[in-house]
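> Below is a structure I'd like to ask you about.
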Amino acid sequence: MLTISDFDVKGKTVFLRVDMNCPIDPSTMEIIETSRIRESTDSLKALEGAKVVIGSHQGRVGNKDYTGMEKHAKVLEQILGRKIKYIEDVIGAEAQREIKNMKDGDIILLDNLRLCAEENYEFSADDAAKTIMVQRLSKLFDICVLDSFPSSHRSHPSIVGFAHVLPSCAGKLVEREVRKLDEIMTVAKGPHVVVLGGSKVVDRLEAIKELIQNGRADQVLLTGVIANVFLRAQGRIKFPLGIKREEEVVSKAHALIGEYPDVFSVPVDIAIERNGKRVEMDVRELAKGEQIFDLGPKSVEYYLKSIQSAGTVFMSGPAGFFENENFKFGTESLLKGVANSFATTIVSGGHLTAALKRYGLAEKINHISTAGGALVLYLTGVKLPMIQALEEAAARYRSTK
């Protein structure tokens, strides 16, 4: 891949695709964790003297965290100490006019890219380049810088389309992530223990099989919503969970258990909320309508034994509703176990990045990434669409020199 240092950016109009997709408080719609916004500043500093147009998405259409980028612009302005012009437009006349009128050193943040329907679908690089988004905006840019590692496993127009038609390079975050992960994977040793949590079940199920087949997951310790799916597949939870595409994901989990019976571990005890208090119970005691908010102590103790005997530990996604004091036990205990183990350790995802800082454990982890699904897939050895687009763009660029 090419990097920013391969280009003279002064006076150029640069499209910088970052991932500022942050945790949002659904009741206030305020940004509650800003790591990803902070990460974008390294590339912005390296693009000094250019006219920089930033593109990012926030949330998915229909989800509670789907919102505009105005608050992101304000946070970025505070972190950078520079004026960020927010445009309430993506590909329309206003966005185009503002880009054309930029002066050297100006920074514009476009609105949520997913307001543009095309950005909600995946395409081949060739087809992505033919989308209206890329056709309209690429004419206004000299260079494309791709720095959205957390969404590098998506083949959306902004991630693979611009790189198909413009000189393109990796941003600072992507450069750092790829170098660090490649270093880690060359020294990683077994047994490989994967601790998977969070709520993005479909993405996780696709990656688990790849991790196991590629020798990156000798043992998978399940927490969060994905654990509930496996518990349902095993018949330990007898009623529907009420999640998207439930029958499909439960069926996939069932097939994985059948194929790899000795790999998966699920919680034996859990914590729920009753009258504002934490109540712990055996999984089989869970009643319909009750919601699991955390792991119980027996599950945590068993998982910690596996973590302590691991050669490499990869943890992605929180074990429960750790933002609530009553339900931080699982996430905090497992993170402490990972941090104090002798294994090579990787922790991923925006929520866990926030938790590590909260518990003062960040310094003890070998590699921390705000990427979730993208990092899981990178560890499997799968070529991510954005990395592929950058490599192809580099080959095209070099062939013209």
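> Consider V134 carefully, then state whether it is open to solvent by less than 30 Å² (accessible area, probe 1.4 Å), part of a helix (DSSP H, G or I) and within 17 Å of L384 (Cβ to Cβ).
Judged against the criteria, V134 is not a match.
> Still on this model: Out of everything in the range 229-259 that is out of contact with any helix residue (DSSP H, G or I) (no Cβ under 9 Å at 6 or more places or on another chain) and assigned to a helix (DSSP H, G or I), what residue ends up being modelled with the lowest pLDDT?
Ranking the qualifying residues of the range 229-259, first place goes to E247.
> Just for the range 45-87: of the residues that are farther than 27 Å from I132 by Cβ and assigned to a loop (DSSP other than H, G, I, E, B), which one is least open to solvent (accessible area, probe 1.4 Å)?
In this case the residue turns out to be G49.
> Only one of these is over 30 Å from S5 (Cβ atoms), out of contact with any His (no Cβ under 6 Å at 6 or more places or on another chain), of a type in the set (G, A, S) and in contact (Cβ under 8 Å) with a residue 12 or more places away in the chain: S168, S152, S265. Name it.
Just a single option satisfies the conditions, and that option is S265.
> Tell me which residues, restricted to the range 93-131, are in a helix (DSSP H, G or I), open to solvent by less than 10 Å² (accessible area, probe 1.4 Å) and of a type in the set (A, V, I, L, M).
A95, I99, L113, A128
> Let me ask another. Go through the range 172-199 and report how many residues are surrounded by 16 or more Cβ atoms within 10 Å (Cβ to Cβ) and either outside any helix (DSSP H, G or I) or hydroxyl-bearing (S, T, Y) (or both).
8
> Of these, R232, R278, R236, R216, which one is of a type in the set (K, R), surrounded by 16 or more Cβ atoms within 10 Å (Cβ to Cβ) and within 16 Å of F329 (Cβ to Cβ)?
R278
> Right, another one. Give the range 2-44 a look and list any residue that's free of Cβ contacts under 8 Å to residues at least 40 places away in the same chain and in a helix (DSSP H, G or I), or say none.
T41
A quick yes/no check of all residues on (1) modelled with pLDDT under 95; (2) over 22 Å from H156 (Cβ atoms); (3) in contact with a Leu (Cβ under 6 Å, 6 or more places away or on another chain):
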| site | (1), (2), (3) |
| --- | --- |
| L2 | no, no, no |
| V18 | no, no, no |
| P23 | yes, no, no |
| K51 | no, yes, no |
| R60 | yes, no, no |
| Q78 | no, yes, no |
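> If I go through the range 144-156 residue by residue, how many of them are surrounded by fewer than 23 Cβ atoms within 10 Å (Cβ to Cβ) and in contact with a strand residue (DSSP E or B) (Cβ under 6 Å, 6 or more places away or on another chain)?
Number satisfying all stated conditions: 0.
> Taking V338, is it open to solvent by less than 50 Å² (accessible area, probe 1.4 Å), more than 25 Å from L241 (Cα to Cα) and at pLDDT 95 or above?
yes
> Oh, and also: When you look at V90, is it assigned to a loop (DSSP other than H, G, I, E, B) and either within 28 Å of A374 (Cα to Cα) or in contact (Cβ under 8 Å) with a residue 60 or more places away in the chain (or both), yes or no?
Here the answer is yes, as V90 does meet what is asked.
> While we're here: So, I37, is that one of a type in the set (A, V, I, L, M), farther than 21 Å from V134 by Cα and open to solvent by 70 Å² or more (accessible area, probe 1.4 Å) or not?
No.
> Please enumerate the residues belonging to the range 360-380 that are over 17 Å from the mean Cα position of the chain (by Cα) and either part of a loop (DSSP other than H, G, I, E, B) or buried (at least 23 other Cβ atoms within 10 Å of the Cβ) (or both).
G360, L361, I365, N366
The values are calculated or read from the model by the stated rules, or taken from the named source; none is laboratory data. Just so you know, these numbers come straight off a predicted model, no measurement behind them. Every residue, glycine as well, gets a Cβ built from its backbone with ideal geometry; the counts of neighbours run over all protein chains shown. Keep in mind that these areas ignore ligands, DNA and RNA; they rest on the heavy atoms of the full protein, side chains included. Shrake-Rupley method; radii C 1.70, N 1.55, O 1.52, S 1.80 Å.
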